Amino acid sequence: MGNKIVTFTDEQLDDYQDCTFFTRKEILRVFKRFREMRPDHIPKRMVNGEASKLKIGRENIEALPELRENPFKSRICQAFSRDGEGNLTFEDFLDMFSVFSEQAPRDIKVFYAFKIYDFDNDGFISTDDLKASLVCLTRNELTCEEHQQIAEKVIEEGDVDGDGKLSYLEFEHVITRSEDFLSTFHIRI
């Protein structure tokens, strides 16, 4: 009794609950997963803002069973990392798991899906972004011409304003027509 290490203060846990879709217990479970990747680097007790400073490298995050086989694992890490390189602090990691939780609303999931597919980070999904997505998905099983044809067809179907690329709203319209989007855009902790 009395030897229990307190990972976060009640105030920190309240703050994390307010900005995620998790209970306190789930937040602590996510922290346990985070710490298990690099126990030599991540302390059991997070103090002095360490949760927003200490990072785990992208290669460790990508090795998680939930991401290991995902063709977008690098893009997922980049979309959630504050440094843009895919290295995640605990708060980044918590955000990632929160967005991929079943409790996260569709609009939050669509926002992050857009970030993941926007390979050049220009705020639009272009033909090049779609071709990069296709390379990830098909692992080079299609020819360059096939990638081009598919990307052009997606743009043709979703580009309402005719500018040759998908804005966030156009992407949202396309993705919400996908019946299995919500069921595939999640990770269980």
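The values are calculated or read from the model by the stated rules, or taken from the named source; none is laboratory data. Since this is a predicted model, take the numbers as computed values, not measurements. Don't worry about glycine lacking a Cβ; one is built from the backbone with ideal geometry, like all the others, and counts go over all protein chains shown. The protein model used for the area step is the full one, side chains on, heavy atoms only, and it has no ligands, DNA or RNA in it. Shrake-Rupley method; radii C 1.70, N 1.55, O 1.52, S 1.80 Å.
Residues in the range 36-74 that are loosely packed, with under 12 Cβ neighbours inside 10 Å and closer than 14 Å to Ile187 by Cα: Pro65, Arg68, Glu69. The single condition among (1) at pLDDT 95 or above; (2) closer than 24 Å to Ser167 by Cα that Asp92 does not satisfy is (2). For the range 44-74, the candidate set comprises residues that are assigned to a loop (DSSP other than H, G, I, E, B) and among the aliphatic types (A, V, I, L, M); within that set, the residue that is nearest to Ile116 (Cα to Cα) is Leu67.
Of all residues in the range 120-132, which are surrounded by 21 or more Cβ atoms within 10 Å (Cβ to Cβ) and in contact (Cβ under 8 Å) with a residue 40 or more places away in the chain? Listed by number, the list holds a single entry, Ile125.
Consider the range 56-73 and keep the residues that are farther than 16 Å from Phe97 by Cβ and not small (Gly, Ala, Ser). The one that is modelled with the highest pLDDT is Glu59.
Residues of the range 148-174 that are open to solvent by 40 Å² or more (accessible area, probe 1.4 Å), among the charged types (D, E, K, R) and without any contact (Cβ under 8 Å) to a residue 40 or more places away in the chain: Glu152, Lys153, Glu156, Glu157, Asp161, Asp163. Of all the numbered requirements in (1) under 30 Å from Leu169 (Cβ atoms); (2) touching a Phe, Trp or Tyr at 6+ places or on another chain (Cβ under 9 Å); (3) open to solvent by 80 Å² or more (accessible area, probe 1.4 Å); (4) assigned to a loop (DSSP other than H, G, I, E, B), Phe22 misses one, and that requirement is (3). Got at least one residue in the range 109-124 being assigned to a loop (DSSP other than H, G, I, E, B), hydrophobic (A, V, I, L, M, F, W, C) and modelled with pLDDT of 95 or more? For the range 109-124, residues assigned to a loop (DSSP other than H, G, I, E, B), hydrophobic (A, V, I, L, M, F, W, C) and modelled with pLDDT of 95 or more: present. Of the candidates Glu152, Glu146, Glu172, Glu179, the single residue that is assigned to a loop (DSSP other than H, G, I, E, B) and either acidic (Asp, Glu) or at pLDDT 95 or above (or both) is Glu179.
For Arg106, the conditions (1) without any contact (Cβ under 8 Å) to a residue 60 or more places away in the chain; (2) open to solvent by 60 Å² or more (accessible area, probe 1.4 Å) all hold with the exception of (1). For beta carbons closer than 7 Å, sequence separation of 6+ or different chains, a first residue in the range 36-51 that is on the phi > 0 side of the Ramachandran plot and a second that is modelled with pLDDT of 95 or more and among the basic types (Lys, Arg), there are no qualifying pairs. I want to confirm something. Restricting to the range 82-103 and keeping residues that are in contact with a Lys or Arg (Cβ under 9 Å, 6 or more places away or on another chain) and among the charged types (D, E, K, R), which single residue is most open to solvent (accessible area, probe 1.4 Å)? This residue is Arg82.
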